[in-house]
Amino acid sequence: PREHSVDLLEVPGEDLDACARMAKKLAVRAKDRLGADGINILNCCRPAAWQTVFHYHWHVIPRYEDDPLKLPWIPRGGHEDEIAEIASKLRKD
């Protein structure tokens with residue numbers, strides 16, 4: 001959301017609705033433009049649930065049948081060129 005909320009427990013309903021709609025749009029783009037076989041949508045609420053960025057947000061994670069990702073995961077950096085290429089595919093036309 002554009003207005004700051006720390007986590008799911010504090011986000012106003014209208015911002016939650018807008019985030020859900022955007023997560024769906026991004027999930028469809030990941031399926032269509034990246035060929036994802038599935039999508040994980042994850043929100044971490046409070047430190048005990050892995051929250052490390054204290055602004056309400058969702059992770060929209062494209063998944064593939066043969067990917068090695070297992071949840072829970074430990075975030076690691078990626079290759080900047082690969083991240084930039086994927087981001088350009090997902091951006092609005």
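Summarising the amide proton neighbourhood of ASN40: residues at separation of 5 or more, or on other chains, whose placed amide H is nearer than 5 Å comprise ILE61, ARG63. Database remark: amide H of CYS45 closer than 5 angstrom to the amide H of GLN51 (H placed geometrically; neighbours at sequence offset of 5 or more, or on other chains; Pro and chain starts carry no H).
When VAL6, VAL28 are compared by accessible area of protein heavy atoms, the largest-first order is VAL28, VAL6, using a 1.4 Å probe.
Within the chain, the GluC sites (Glu not before Pro) that combine a DSSP coil assignment with at most 14 other C-beta atoms in a 10 angstrom radius are GLU3, GLU10, GLU65. Under the criterion of Cα pairs below 8 Å and six or more residues apart, the relative contact order for the chain equals 32 percent.
Straight Cα distances below 17 angstrom link LYS89 to the lysines LYS24, LYS25, LYS31, with same-chain residues fewer than 8 positions distant left out.
Extension gain for HIS55-LEU90 works out to 10.4 nm (0.36 nm per residue, less the C-alpha to C-alpha distance). Tell me which label goes with the value of log10 I(q)/I(0) by the Debye sum over Cα atoms at q = 0.10, 0.11, 0.15, 0.21 Å⁻¹ computed from the coordinates here: [x] -0.30, -0.35, -0.58, -0.94; [y] -0.24, -0.29, -0.54, -0.98; [z] -0.30, -0.36, -0.69, -1.25. Read-out from the structure maps to [z].
Loop-resident chymotrypsin sites (Phe, Trp or Tyr not before Pro) (DSSP state other than H, G, I, E or B) in the chain with no more than 10 further Cβ atoms inside 10 Å of their Cβ are absent. The length gained by stretching the chain between ILE74 and ARG33 to full extension, at 0.36 nm per residue less their Cα-Cα distance, is 12.2 nm.
The values are calculated or read from the model by the stated rules, or taken from the named source; none is laboratory data. Just so it is clear, the model here is predicted, and its values are computed rather than measured. Here the Cβ is made from the backbone with ideal geometry for all residues, glycine too, and neighbour counts use every protein chain on show. Keep in mind that these areas ignore ligands, DNA and RNA; they rest on the heavy atoms of the full protein, side chains included. Shrake-Rupley method; radii C 1.70, N 1.55, O 1.52, S 1.80 Å.
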